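Read-outs throughout are calculated quantities, based only on the coordinates presented, and are distinct from any laboratory measurement. All values derive from a computational prediction rather than experimental measurement. Cβ sites come from the backbone with ideal geometry, for glycine too, and all protein chains shown count toward neighbours.
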Amino acid sequence: MVKATVMALAALLALSALLLRLASGDDLSSVPNPAAGGGRAAQPAPVPPAIPGSGASASAQGQAAAQPVRSANQAAAPVLYTYKVVHEYVHDPDAFTQGLEYDTDCSSGACKDVFWESTGMYGQSSVREVELATGAVLREKALAHADFGEGLVKVDGRLLQLTWKSGKAYWYQTGNFNVAQTTKTPLGDGWGATFDNATNSIVLSDGSPNLSFVDPSTLALRRNVQVTDQGSPVGNLNELEAIDGEIWANIWITDCIARVDPQSGVVKSWLVLDGLHTSLRAKNLAGSHPMDVLNGIAYDPATKRIFVTGKYWPRLYQIEPVLAAAQPTAEQLAQLRSKCISPPMPQ
Ligand SMILES: [Ca+2]
């Protein structure tokens, strides 16, 4: 009797919960299916990759009308972008790029497009000014052998350069690369850096899923934001760039750039640069070192030009994102995440 009463009560509670969800407008299609191993497809079918530079793949276009995938926390699925190459430039193939910042240099009278670039590796690290049009290194300052250059950002006419595996950073005068100040960041490691106008903060990465917003004068930590893709942390955040209200982050060892909402840390979209690295490698233009991974994003807000390059890459590209899937399917998301969030480690 007691057992029957309990069962009846349980059934009543289950029915009430169902009615409440229906009344609140929940999409019951997102209820996890135990047979599928949870809320996500257990064995996603392979999806043909987008063709580099050709816009959205046929698969992406055909699946754009599919239902958006929602995780347990109901964060919207990220939008997927592929890319097209707008322009190709020469880049020093011996530059192990760790930080890239666009600027206009008018110091010699005529203004020119330049990059401030930080290079890494012990004994090869530098801060340099590079001409966009030619790839020529206009000026360069070598770091001490004990320093491994990392992220770079220009703030109020000065350059801040991070170093790897240390909180040490250098402030340089842009005109002569003299060290104006040696300082410490609040992070134990240094990977990427950019400047967020909206919060007047320098944004730092250290290879973790966190973006750290720091005071541009004191480098005191203001807040940390964990970067997440539908609730799952996204680690290995590397070189950064603030672009039109988003923080773009190279994900280390992948061809992926996460486009992050700086307030919430949510990855709003992914830009996947499939083929850029492999097609460039096939051209056999490498310098003294084999090409390494994509790393380096720069932005010219006046013309909205986006530039990317990589470590020891002989080319630098101006690219444009091309929409691949506004509402990606579960299969597309699974493929993306295996490529961008949990990639196989290099051999
Ligand atoms: Ca950058």
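Values computed for the structure shown
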| item | result |
| --- | --- |
| Over segment 133-209, relative contact order from alpha-carbon pairs under 8 Å, at least 6 apart, % | 23 percent |
| Over segment 79-340, volume per residue of the alpha carbon convex hull, in Å³ | 118 Å³ |
| Distance between modelled label sites at residue 88 and residue 281, nm, 7 Å Cα→Cβ extension | 1.7 nm |
| Zero-based 10 Å bins, Cα pair distances in segment 100-244, whole percents | 12, 42, 33, 11, 1, 0 |
| Cα→Cβ-extended label distance, 7 Å offset, between residue 142 and residue 253, nm | 3.1 nm |
